[in-house]
Structures are given as C-alpha cells and as structure tokens.
1. Just to be sure I understand, how many residues within the range 48-75 are outside any helix (DSSP H, G or I) and not basic (Lys, Arg)?
2. Give the residue, chosen from 94, 123, 88, that is in contact with a Leu (Cβ under 6 Å, 6 or more places away or on another chain) and of a type in the set (Asp, Glu).
3. Residue by residue through the range 35-81, note down the ones that are without any contact (Cβ under 8 Å) to a residue 24 or more places away in the chain, open to solvent by 90 Å² or more (accessible area, probe 1.4 Å) and aliphatic (A, V, I, L, M).
4. Against the definition (among the aromatic types (Phe, Trp, Tyr), surrounded by 10 or more Cβ atoms within 10 Å (Cβ to Cβ) and at negative phi), how does residue 131 come out, yes or no?
5. From 75, 39, which residue is within 29 Å of residue 123 (Cβ to Cβ), among the β-branched types (Val, Ile, Thr) and at pLDDT below 95?
6. Working only within the range 85-127, note down all residues that are exposed (fewer than 13 other Cβ atoms within 10 Å of the Cβ), over 16 Å from residue 14 (Cβ atoms) and among the hydroxyl-bearing types (Ser, Thr, Tyr).
7. Could you tell me whether the range 146-159 includes any residue that is assigned to a loop (DSSP other than H, G, I, E, B), touching a residue at least 60 places away in the same chain (Cβ under 8 Å) and more than 21 Å from residue 31 (Cβ to Cβ)?
Amino acid sequence: MKFNQPNNLKRLAIYFFYDRDGIVDDYIPCLLEDLSKNVQELLVVCNGNLSIDGKAKFSMLTSQILVRENKGMDVWAYKEGMEYYGWDKLSQYDEVVLLNYTLMGPLYPFKEMLDEMSGRNVDFWGITRHYGMDFDPWGTCKDGYIPMHIQNCFMVIRS
C-alpha cells in the first residue's frame, strides 16, 4: 500500500551548516540545488559564522537563513530550525528532511530516493546507520554502550 503519491508530498528541508570560518564550499550549493527540486521550502541553519560569500551562496537557494550561536551541535540546530517554524507551520508538511554539511553529493538525484521512500509506510527514515558499539567512548550513554541508530546527517520525519 502506498503512503502517498511522490508528487503529492509536501516537504520542508532544514539544512544544518557549520564551518569555523563560515566558508560555504561549492559542494554544498550543488547538493542543496538538487534537494530543492524536491522540497517546498529550505531553511539553512548556520552554527557560528557565515561569510559574506557563504550567505550569497545560500541566498541563491533560499531566503530562509538562520545564523545562531555554535552550541548544541547539529541536533540543536535542527531543534531551533523547527522552533523557527513552529508546530502549526510544521504540521502543514508531510515530511521534514533534516540534513547537514557532512554530506556530499548527490550521486543520484534525490528525487529517486525520495520517490522510492514515499511509497513506504514508515514514520521516519535515514540514509546511514551506525552499527553501534559495545562500549561508550565518551561516557555519555546511560547503558554504557552506543546502540545501533540512524545517523542524523540525513533523516526524514513524517507528519
């Protein structure tokens, strides 16, 4: 059973960006240009600095650019991006795509992957999986190990 027809899904993408000097390398607009063909709106959340040239590159793709203090890493940037829209506006989207600057590509058009996944009955999905570790190198996990999980460099959450 299809979740929805691919061309009927309304998507918001929240892209987290960080570079110590605020420099937006050319691979980023390439990735976001292709992604933008598949979303209704793109928000760029920058942690820390954003150079004038970097802002110009992002401005070619979206008017929604949020520059914030570099705290809380990528998940906090996603959180502030969602708060920027608020729950009422977020609820207008079928999917929210969360992705960050550690990705390069696409090797294939995002449309192929998004169309394929739109037909699957899932609440959320991602493109990379961490297989877990039987120990916690940072001492931050309550059970003493890192469980298998979807990595937060590219996740999609359904309404």
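The values are calculated or read from the model by the stated rules, or taken from the named source; none is laboratory data. No experiment lies behind these values; they were computed from the predicted model shown. With ideal geometry, Cβ positions are generated from the backbone for all residues, glycine too; neighbour counts draw on all protein chains shown. Note: accessible area is taken over every heavy atom of the protein model, side chains too, but ligands, DNA and RNA are not part of it. Shrake-Rupley method; radii C 1.70, N 1.55, O 1.52, S 1.80 Å.
1. 15
2. After applying the criteria, what remains is 94.
3. Passing the criteria: only 52.
4. The answer is no for residue 131.
5. Checking each option against the conditions leaves just 75.
6. Selection gives 108 alone.
7. yes
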